[in-house]
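Participant: Just dropping this structure here.
The values are calculated or read from the model by the stated rules, or taken from the named source; none is laboratory data. Since we're looking at a predicted model, the values are computed, not measured. Cβ placement follows ideal geometry from the backbone for every residue including glycine, while neighbour counts extend to all protein chains displayed.
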Amino acid sequence: MTEELHQNDPRWKDATLGNGQPGDTIGMYGCLLTSLAMVANHFGGNETVASFNEKMKQNNGFMNQWIRPAVISAIYPNIKYQKRAQCENQPAPLAEIDAGLAAGSMIVVMVDRSPDPGLQNHWIVIHKKAGDDDYAIWDPWHSPSAAKTLHGRYGHGSPADVIQEVIWFGGGTLELPQADEKAEPAKPPKPSPAAKPAGKAEVVTANVEGLKMRRQPKIAAGNIVKQLSRSNKLKILDAVDQTKVGQHGQWLHVRDIEGDEGYVAAWYVTPTDDPFLGVAPKKDEEAGEPTPPSKLVVKTTTEGVAFRTQPRTGDDTLIERLPLASELLVAESGAESKIGVHGEWLQVKTLDAEGYVAAWYVVPAGSTSPPTQPPSKPSAGEKKLRVNWPDGLKMRSQPEPTNETY
């Protein structure tokens with residue numbers, strides 16, 4: 001039986017991950033490395049996280065601290081890098097995961113580990129099916145009291161919603177199921193029943209800061225309506241949802257005091273006896289025509305935009321990485337002319353902090369796409385290059401080598 005390894009093991013948690021900078025430690029960022037080390041051991045290896053880190057470095061398995069999972073085959077030729085699938089905007093391919101497990105593959109997945117705001121991606125290993133709709137996992141983050149299944153530990157959505165990326169490793173060719181065996185697309189939410197008489201609907205309040213209200217009852221990019229304060233009161237709109245409060249994996253259809261409707265995770269709210277005192281629901285004829293905000297609000301145009309304490313790059317200024325489409329309140333006047341301009345910074349606010357973001361990574365919140373620049377004409381002798389880093393390469397306005405270069 002494969003021994004679980006943990007990135008936060010005192011023996012190597014402070015070691016530098018790959019070719020990263022001091023501070024890029026295994027304990028902080030080594031979940032994918034640790035997952036790969038467990039895959040290697042499952043197929044006959046005898047690795048610690050530290051020894052596998054060294055072997056990956058020797059085999060060009062890193063670009064700075066960023067890991068290249070396919071290099072595991074250079075260290076262990078019997079392990080094949082079979083397939084990789086990204087599923088941030090669609091349900092995870094559970095039928096293919098099941099087929100891989102049945103064929104003896106090990107499945108490394110990136111999960112959305114929390115509905116809270118901020119950086120929340122985490123890599124784990126799925127090593128077998130657990131019942132009809134759950135999976136047994138090896139989790140690189142050691143937490144003695146945590147559950148050993150995907151839904152038990154990350155139960156804020158179904159496996160199809162929580163899994164954001166999948167990599168299959170095995171000893172041979174991966175046999176995929178036929179098209180009619182694949183998981184069905186996520187079903188749209190059921191229509192709400194008629195509203196109950198005033199005063200009889202359940203009211204709940206968020207028990208975490210920054211709880212996300214979503215357009216549909218699932219975790220997916222571009223699905224966030226807003227983030228709620230711990231003090232926000234929410235009216236449950238569907239009578240059938242009143243028994244779901246506090247239950248993992250369940251969603252509530254709610255309306256907040258500003259009249260916005262959406263879905264929240266049922267296990268992050270608490271019943272309250274306080275009155276709702278909300279606004280009336282928006283009329284049908286007003287649908288699709290939101291009231292313009294009284295203050296300037298922008299949203300991020302890519303995943304992982306840096307939120308900083310100062311308007312400059314550097315490890316000492318980073319507060320957190322913001323998800324795609326994060327909405328930010330602009331905290332300075334005359335900022336409209338900066339939006340989309342390279343080299344400019346915007347002073348902004350989140351629910352609980354104030355800082356700066358690069359102005360060229362945001363657009364006004366009402367926009368559907370980032371501002372576009374007219375293409376420049378190629379100069380004589382200009383060559384085309386192809387990016388070979390799978391997670392994307394950043395183009396910068398200045399040749400500044402930092403930890404964010406890739």
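Participant: Mind telling me which of the residues 352, 316 ends up being modelled with pLDDT under 80 and either surrounded by 15 or more Cβ atoms within 10 Å (Cβ to Cβ) or not aliphatic (A, V, I, L, M) (or both)? Please lay out each step first, then the result.
Facilitator: Values: 316 fails: modelled with pLDDT under 80.
Going through 352, 316 in turn, just one is modelled with pLDDT under 80 and either surrounded by 15 or more Cβ atoms within 10 Å (Cβ to Cβ) or not aliphatic (A, V, I, L, M) (or both): 352.
Participant: Further, regarding this structure: Please specify each residue of region 136-162 satisfying the condition of being outside any loop (DSSP other than H, G, I, E, B) and not acidic (Asp, Glu).
Facilitator: If the condition is that a residue be outside any loop (DSSP other than H, G, I, E, B) and not acidic (Asp, Glu), then 136, 137, 138, 149, 150, 151, 152, 153, 159, 160, 162 are the ones that fit.
Participant: If you go through region 52-63 one residue at a time, do you hit one that is in a helix (DSSP H, G or I), under 21 Å from residue 109 (Cα atoms) and in contact with a Phe, Trp or Tyr (Cβ under 8 Å, 6 or more places away or on another chain)?
Facilitator: Yes: one or more hits.
Participant: Sticking with this structure for a sec: Taking region 214-253, which residues are part of a helix (DSSP H, G or I) and farther than 11 Å from residue 264 by Cβ?
Facilitator: 239, 240, 242, 243
Participant: Which residue pairs have Cβ atoms under 8 Å apart, sit 6 or more places apart or on different chains, and have a first residue in region 261-273 that is farther than 16 Å from residue 210 by Cβ and a second that is of a type in the set (Ser, Thr, Tyr)?
Facilitator: Filtered contacts from region 261-273: 272/205.
Participant: While we're on this one: What number of residues in region 32-80 are surrounded by fewer than 20 Cβ atoms within 10 Å (Cβ to Cβ), in contact with a strand residue (DSSP E or B) (Cβ under 7 Å, 6 or more places away or on another chain) and of a type outside the set (D, E, K, R)?
Facilitator: Looking only at that region, the number is 3.
Participant: Going residue by residue through region 1-19, is there one that turns out to be outside the structural domain of residue 142 (by TED's automatic domain parsing), within 30 Å of residue 314 (Cβ to Cβ) and among the acidic types (Asp, Glu)?
Facilitator: Looking through region 1-19, at least one residue is outside the structural domain of residue 142 (by TED's automatic domain parsing), within 30 Å of residue 314 (Cβ to Cβ) and among the acidic types (Asp, Glu).
Participant: Go through region 292-349 and count every residue that is more than 18 Å from residue 363 (Cβ to Cβ), among the small types (Gly, Ala, Ser) and under 26 Å from the mean Cα position of the chain (by Cα).
Facilitator: Looking only at that region, the number is 1.
Participant: Sticking with this structure for a sec: I'd like to know if region 253-264 contains one or more residues that are in the same structural domain as residue 211 (by TED's automatic domain parsing), touching a helix residue (DSSP H, G or I) at 6+ places or on another chain (Cβ under 7 Å) and at pLDDT 80 or above.
Facilitator: Yes: one or more hits.
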